[in-house]
Structures are given as C-alpha cells and as structure tokens.
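One structure below.
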Amino acid sequence: MNDVRYFTLTNDDGAPVLTCLRRLRIGKDAMGEDRWDVSAQAWKDDTANSPIVRMLTIGQGDYDEITPELARATWPEAFED
C-alpha cells in the first residue's frame with residue numbers, strides 16, 4: 001500500500017476516543033481498512049465493513065481524520081513493530 005490515512009471518533013471536546021483508531025490503506029490497485037483492537041493490541045482487517053470508505057464515498061459516518069503524528073502519539077502501541 002502506498003498511502004495510509006488515520007481516522008477516529010472524537011468526544012464533544014474534540015479529543016480522540018481512545019478505543020477507536022482506524023486506518024485506511026490506499027494502494028495503486030486496492031484499498032484496505034483496519035481497526036486497532038485495543039484489547040488484542042493488534043490491527044484487525046475491517047475491509048468488509050469499511051465505515052471510513054463508506055463515509056468518504058457517501059457521507060455516512062462520524063469519523064474525523066487525524067494526522068499520523070497524532071495517531072502515533074495517542075496510540076503508540078499501534079505503531080510498534
């Protein structure tokens with residue numbers, strides 16, 4: 001995949017919901033969507049559900065895009081190799 005974008009739900013004060021991190025992987029010929037499973041400490045493929053793709057294509061959804069830096073600062077365990 002060539003590009004990764006991060007999304008989360010936010011509280012009324014604009015702070016990220018700590019149990020909700022999603023990533024959209026965009027490649028030349030394919031896209032994929034994952035959610036960070038806090039309890040399993042692992043990315044889970046959610047391409048079949050794809051709420052981010054649905055939000056971006058038809059406007060249904062309440063996710064906010066966040067920078068990779070904010071995603072990494074808020075969920076450092078999601079970026080450990």
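Bear in mind that the values in this text are calculations on the coordinates, not laboratory data. Bear in mind the structure is a predicted one, so any value in this text is a computation, not a measurement. Here Cβ is always computed from backbone atoms with ideal geometry, including for glycine, and neighbour counts include all displayed protein chains.
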May I ask you to derive the relative contact order of the chain, considering only C-alpha pairs under 8 Å and at least 6 residues apart, and to give it as an integer percent? 29 percent
Residue 10 paired with residue 70, simple spin-label distance in nm, labels 7 Å along Cα-to-beta-carbon: 0.5 nm
